[in-house]
Each structure stands twice: as C-alpha cells, then as structure tokens.
Amino acid sequence: MKTFSKSPDPHQSTRHVSCVVCGADRAEPHWECDGFAFVRCPACGHLYQDPQPDAGDLIDRYDEEYAQYEVDNAFNFLDLMLKGLSDVAFFERVEAAGIDRSLLDIGCATGALLEHAKARGYVVQGVEVCVPAAEYGERERGVPIATGTLDEVDLADATFGAAHFSHVIEHVPDPRAFVGQVRERVVPGGYMVIVTPNTAGLQARLFGPRWRSAIADHVHLFSRRNLRRLVREEGFDVVAEKTWGGLGIGTAPRWLKRPVDWLAKRLGFGDVMLLLCRRTDTSR
Ligand SMILES: [Zn+2]
C-alpha cells in the first residue's frame, strides 16, 4: 500500500501476459525502472509489467516489515480512505439502498476501516494476504480477517452489501478475474469501491518511470477510462468517481502544491482515483 516497496528478487520466475483490459498482445516498452519494466498496450493504453513476477513471489513481500508499516500508518490511511468514501457518500448510499449493511474489505491490512464500519453497525469481514497484519487486526481491533487472496479464503456463501479494496488492484496479477470474484461476493445492487493510482493523473505524466506508483509491486496501472471499461465488462455500473492529489509532498513548493491539489481534485487529474461501482442486477 502507498509507497511501501521492496526491490524485486532477481531470481524470481516470471511469465508473459497480454493486456488485461483489451486482450491485445503487442505491448510496447514504456517505462524502464530499476530491475523491472512497464509496457504499454498500443490498443488501449493500459500500463502493466510484462513479464510479471509469479503471484507467489508477489505475496511473499507482505511480511513482518510490511505489517509494521501498516500498523504505523493505520490511522493516516484510514483518514485518507474515509475522506475518499465521504466524497462519494459511500456509507449514505449503502444505507439508502435497502441492502445489507455489510462490508467486505479486501486487502484490509490491520482492519482499521472494518473497525470503523463495525462501529457504524456493519457486519464486517476482512481479507488480507499479510498474516501478521491480519493477526494484529483480529487481536487489536476485534474484526474477523481471513488470510490469503480472495480466491483462496473460505467465506462459505457469504455475500455483502459492499466490497472495498484500496491500493490492491494494482498488485493483483489478473485484475479482471479479481473483479469477477468480487462480483460473486456482492449482492445484486450492492456496491464496490476501488482505489488505485491514476495513470491519467498529473504526477504520472510529469514523472514517468520515476512516478511514485511505478514500483515493482504494482503490476497493473490503470487510467480512469480503462478501469471503467474493465468494471463495466465485469458486471458493474460506475456511479461516482473522484481523483485526488495534484503534486506529491516534496515535489513542489507549498504555494504551488495547494492550488494544484485543488485543481486536480476538481478536474479529475489527481494522482489516485476512486471508483464507486454498483453491481448490475442481471446475471451474466
Ligand atoms: Zn489493451
């Protein structure tokens, strides 16, 4: 999550992948980073790592060190998440929709958002690949967290009024299959919230391969248009969108950062985007 990143292991095994958005298989080199590279699909503009590290190697990076990073930053991250959710009236919409007040948070780290939703009267469930972070959340926050990836965990037949995943989809090897798995966990008419870096944002355009989100752990980097396309094709309507973050701290003087942040949020070129989606009622 955020800027936490480990260098890729040079001995890890990799595999070739085609574009997850449009299926084309003729991506061109785009950003050469330190020990890994992003390619760009000329058909749709999607940025992704090709070749990609194996899924198991990606998950092995979420160790004690990562858990401590999440513990240390839990309230900063919760504050950011709640600001984003508030901007799209997330809780109000769920509560007005006449659906279950239940929340599945995938990649929930130490479960701070779950704890918040539980206090609001929601039935909550977390999913987290980092075992020490999940254990911390269950112990310190009293929220249930299943360990593993979404397709690995046993949630029996549980479905939820809403699913949330913040800074997760860019880490997932197959985001299309992942969104499909989320759809199976959301009731018809239920909500899905995605937060992920925005390749159409100002910082990505300014910094290119030095963009803070162009890191080894991020195997897919979406534009708003491409993320919209993927979720629509997987059975969701996009009902609200926000972007935020104009210039990163330390990349510009404060007098410039504030107005650019303000403009980024209003004009949609922010560094991070949030899509609030609603599951369409028709089954596939
Ligand atoms: Zn493509």
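The values are calculated or read from the model by the stated rules, or taken from the named source; none is laboratory data. Being a predicted model, the structure only gives us computed values, none of them experimental. Because the Cβ atoms are built from the backbone with ideal geometry, glycine has one as well, and the counts that use them run over all protein chains shown.
Could you pull out the residue among W211, W244 that is at pLDDT below 90 and farther than 24 Å from Y62 by Cβ? After applying the criteria, what remains is W244.
Here P173 fulfils each of the conditions (1) under 15 Å from the mean Cα position of the chain (by Cα); (2) at pLDDT below 95; (3) assigned to a helix (DSSP H, G or I) apart from (3).
Residues in region 4-32 that are at pLDDT below 90 and either over 18 Å from A216 (Cβ atoms) or more than 21 Å from the chain's Cα centre (by Cα) (or both): D9, P10, H11, Q12, S13, T14, R15, H16.
For the structure I just gave you, tell me whether G126 is within 24 Å of G56 (Cα to Cα), touching a Cys at 6+ places or on another chain (Cβ under 9 Å), part of a helix (DSSP H, G or I) and not hydroxyl-bearing (S, T, Y).
Details: within 24 Å of G56 (Cα to Cα): yes; touching a Cys at 6+ places or on another chain (Cβ under 9 Å): yes; part of a helix (DSSP H, G or I): no; not hydroxyl-bearing (S, T, Y): yes.
No, not satisfied.
Among the residues of region 28-39, just one is within 13 Å of the ligand (Cβ to nearest atom) and exposed (fewer than 14 other Cβ atoms within 10 Å of the Cβ), namely E28.
Here's the yes/no breakdown for (1) closer than 24 Å to L80 by Cα; (2) in a helix (DSSP H, G or I):
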residue: E140; (1), (2): yes, yes
residue: L150; (1), (2): yes, no
residue: V153; (1), (2): no, no
residue: G189; (1), (2): no, no
residue: V193; (1), (2): yes, no
residue: Q203; (1), (2): yes, yes
residue: A214; (1), (2): yes, no
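Looking across region 53-88, the residues that are more than 18 Å from the chain's Cα centre (by Cα) and surrounded by 15 or more Cβ atoms within 10 Å (Cβ to Cβ) come down to P53, D57, V71. For the residues E170, E140, the requirement of being surrounded by fewer than 16 Cβ atoms within 10 Å (Cβ to Cβ) and among the acidic types (D, E) singles out E140. Within region 76-97, residues that are in contact (Cβ under 8 Å) with a residue 40 or more places away in the chain and under 13 Å from S166 (Cα atoms) have Cβ atoms under 8 Å from residues that are of a type in the set (D, E, K, R) and surrounded by fewer than 18 Cβ atoms within 10 Å (Cβ to Cβ) in these pairs: F77/K2, counting only partners at least 6 apart in sequence or on another chain.
Being at positive phi, modelled with pLDDT under 95 and either assigned to a loop (DSSP other than H, G, I, E, B) or surrounded by 19 or more Cβ atoms within 10 Å (Cβ to Cβ) (or both) is a description that applies to G250. Within region 40-75, the set of residues being more than 24 Å from R229 (Cβ to Cβ), among the charged types (D, E, K, R) and either out of contact with any Asp or Glu (no Cβ under 8 Å at 6 or more places or on another chain) or within 16 Å of the ligand (Cβ to nearest atom) (or both) comprises D54, D60, D63, E64, E65, E70, D72.
Let's see how each residue does on (1) in contact with a helix residue (DSSP H, G or I) (Cβ under 8 Å, 6 or more places away or on another chain); (2) over 25 Å from V272 (Cβ atoms):
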position	(1), (2)
S13	yes, yes
A27	no, no
Q49	no, no
D57	no, yes
D60	no, yes
N76	no, no
